[in-house]
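Participant: Sharing a structure here in structure tokens format.
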Amino acid sequence: MSTDVKAAERRLGLWLCAPAAIFMILVAGWPILYSIWLSFNRYDLRFPQDQQWVGLENYQTVLTNEFWWTAFGVTVLITVVSVAIELVLGMGLAIVMHRTLVGRGLIRTVVLIPYGIVTVVAAFGWFYAWTPGTGWLAALLPDGSAPLTQQWPAILIIIGAEVWKTTPFMALLLLAGLALVPDELSRAAAMDGAGRWKRFVSITLPLMRPAIAVALLFRTLDAFRIYDNIYILTNGAQNTGSVSIITYTNLVSGLNLGIGSTMSVLIFITVAIIAFIFVTVFKTGTPGTEGRR
Amino acid sequence: MTRNRIQWGVLDFVVVAFALIPVLWLVSLSLKTPATIADGGFIPTEWTFDNYVNVFTDGGFLRPLVNSIGIAGLATLIAIVLGTFAAYAIARLNFPGRSIMLGAALLVAMFPQVSLVTPLFNIERALGLFNTWPGLILPYVTFALPLTIYTMSTFFREIPWELEKAAKMDGASSFQAFRKVIVPLATPGVVTAAVLAFIQSWNDFLFAISLTSTERSRTAPAAISYFTGSSQFEDPTGSVSAAAVIVTIPIVIFVLIFQRRIVSGLTAGAVKG
């Protein structure tokens, strides 16, 4: 009888997973294969009759193009800086949420608002805040400055908008990690005369390692695909475009599917490399890495 | 102790200000009159609700809003039904391919969406799905699935096995046991996953602007980014702010009602998964 039950269970399991699996294969798997195939073709919708297999030509075009590398550099910069700031701010926020005595429920509710708000909406908030004349933040700057029309100030504003929007997510993941740290350990260390900072660095952080690793991985991959904030704030002007922005521009404004696909594949490969690095680095273990960040 | 309380109170205040100021700024902008909209002040000097009326009358914001509600709602519904099946199987059943399924879900969750834009754009144009509701629902379901599978399988694991066994002992089939015993117990998890999936679909911008071209299926976030004001001489700031506040309202309501569940869902799905 037990083999029958097992076989039935196996069948049910496969049947229950099938619809979700089909969706993921059809909407994520198939297009990515199609995208890889497209990336080896010259395929411009303005000249559809010219579609032709060109091998690695598109890759050569993209990888020798300075716009691609500028966008790549901007994306990496925004990713690294914003995730680093988010880790520090998010940790602070997590500690406040974990330890606060006054209005804990209120704090947790309010913190979720930036997480839930539509990114485009938040980006408009920042756009108007930094627009000379209209904005309350622009009003704080010296007369005649228009930060969104200059590369570096605009990148800082993009990072600020990204940090505001996603720090709550980071904080929630870290809060879950904090909850796993037993209070007794910290108290015992306090008894032995360890100060607050010492306890944080030598007890809390090492125990939170898995949570920090997951939070960093999720946020890094997410930050790398930054799109909405940049689209609203500068639309990639003055070399502030991310790889997602220039891919979209090539596709929708340029209607160049070959080049667009090549960029898509390159972004996909980069994301896979980032994920691989995270998994290997955090598995092989480098004690103290989290503390130095 | 008092000093401690004050310290935490100050910190709490900083946190609340950090989270709310950008939102209040948009609310403030949306309530300013055209004459005062460019005064740069944080608090409106002249108050008006005209911007809210205008986005619906001249701005044509109603259709995108209906599109957004319909598309995000349907995508959430489908993702929840399919995600519930898969999460139940992953949490409860022993079958080959369980870890493949979890791996695939993780892979999709980490997927750079922009990598799908180019192929989907072309595939949907070929299939006639471009600029239709299903054209957006399909990718939204796909990207909501990993979230729902992870969140719900964590919830399902915490439901006591014995209840299901007892139901089977009483003569229920596996499917009946699932439907009549597990589903009611799992409802909180399902609601959590639904709220998270809805927020995610409601938020999307990249697919919304790449896979739509007209009012027929353009969602609210995409429509806001195309606002130009009712005439070419008019500044769209007031309308954009009003529309922005309108799309934010459902999220604020969800957050107020489901705060605890959103927190547990996000942390369970991400950390334990």
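The values are calculated or read from the model by the stated rules, or taken from the named source; none is laboratory data. Fair warning: this is a prediction, and the values are worked out from it, not measured in the lab. Reconstructed Cβ throughout: ideal geometry from the backbone, glycine too, with neighbour counts over all protein chains shown.
Participant: Among what's in segment A:29-55 and is of a type in the set (F, W, Y) and either closer than 30 Å to B:F143 by Cα or under 30 Å from the mean Cα position of the chain (by Cα) (or both), pick the residue that is farthest from the other protein chains (Cβ to nearest Cβ).
Facilitator: Applying the filter and picking the extreme gives A:F40.
Participant: Next up: For segment B:143-152, indicate whether the set of residues that are at the interface with chain A (Cβ under 7 Å from one of its Cβ atoms), buried (at least 20 other Cβ atoms within 10 Å of the Cβ) and not aromatic (F, W, Y) is non-empty.
Facilitator: Checked against the condition, which is being at the interface with chain A (Cβ under 7 Å from one of its Cβ atoms), buried (at least 20 other Cβ atoms within 10 Å of the Cβ) and not aromatic (F, W, Y), segment B:143-152 yields at least one hit.
Participant: OK, next. Pairs, please: C-beta under 7 Å, at least 6 apart or cross-chain, first residue facing another protein chain (nearest Cβ under 7 Å) and in segment A:106-129, second among the hydroxyl-bearing types (S, T, Y) and not in a helix (DSSP H, G or I)?
Facilitator: Matching pairs, first to second residue: A:I107/A:T100; A:Y128/A:T134.
Participant: Follow-up. For segment A:48-106, how many residues meet the condition of being of a type in the set (D, E, K, R) and within 26 Å of A:V271 (Cα to Cα)?
Facilitator: 3
Participant: Same structure again: Test of understanding: among B:A91, B:A75, which residue is farther than 23 Å from A:V118 by Cα, more than 10 Å from chain A (Cβ to nearest Cβ) and under 25 Å from the mean Cα position of the chain (by Cα)?
Facilitator: None of the other options fit; the residue is B:A91.
Participant: So, restricting to helices (runs of 4 or more DSSP H) that lie completely within segment B:62-174, which ones have at least 2 residues that are closer than 17 Å to A:G13 by Cα?
Facilitator: B:62-92, B:98-110, B:133-157, B:161-169
Participant: Just name the residue that is farthest from A:Y115 (Cα to Cα) out of those in segment B:22-43 that are at pLDDT below 90 and either within 30 Å of the chain's Cα centre (by Cα) or more than 9 Å from chain A (Cβ to nearest Cβ) (or both).
Facilitator: B:A35
Participant: Let me ask you something else. Test A:L173 against the criterion of being more than 8 Å from chain B (Cβ to nearest Cβ), out of contact with any Pro (no Cβ under 6 Å at 6 or more places or on another chain) and not hydroxyl-bearing (S, T, Y), and give yes or no.
Facilitator: no
Participant: Scanning for something within 14 Å of another protein chain (Cβ to nearest Cβ), touching a Ser or Thr at 6+ places or on another chain (Cβ under 7 Å), buried (at least 20 other Cβ atoms within 10 Å of the Cβ) and in contact (Cβ under 8 Å) with a residue 24 or more places away in the chain, does segment A:92-104 turn up at least one residue?
Facilitator: Yes, segment A:92-104 has at least one match.
Participant: Same structure, new question: Return a yes/no flag: does segment A:204-223 have any residue that is at pLDDT 90 or above and among the charged types (D, E, K, R).
Facilitator: yes
Participant: Take the residues in segment B:146-198 that are of a type in the set (G, A, S) and farther than 22 Å from B:T76 by Cα, then tell me which one is farthest from the chain's Cα centre (by Cα).
Facilitator: Once the filter is applied, the top-ranked residue is B:G171.
Participant: Could you please tell me which pairs satisfy a Cβ distance under 6 Å, a separation of 6+ or placement on different chains, a first residue in segment A:256-280 that is within 7 Å of chain B (Cβ to nearest Cβ), and a second residue that is among the aromatic types (F, W, Y)?
Facilitator: So the pair list comes out as A:L257/A:Y43.
Participant: Moving to a separate point now. Could you go through segment A:182-202 and let me know if any residue there is touching a Leu at 6+ places or on another chain (Cβ under 7 Å) and either facing chain B (nearest Cβ under 9 Å) or farther than 23 Å from A:V271 by Cα (or both).
Facilitator: No - not one qualifying residue is present in segment A:182-202.
Participant: Here's a follow-up. Quick check on segment A:135-147. Is at least one of its residues more than 20 Å from A:V88 (Cα to Cα), buried (at least 21 other Cβ atoms within 10 Å of the Cβ) and within 7 Å of chain B (Cβ to nearest Cβ)?
Facilitator: yes
Participant: Could you check B:Q113 against (1) more than 22 Å from the chain's Cα centre (by Cα); (2) within 11 Å of another protein chain (Cβ to nearest Cβ) and say which number it fails?
Facilitator: (1)
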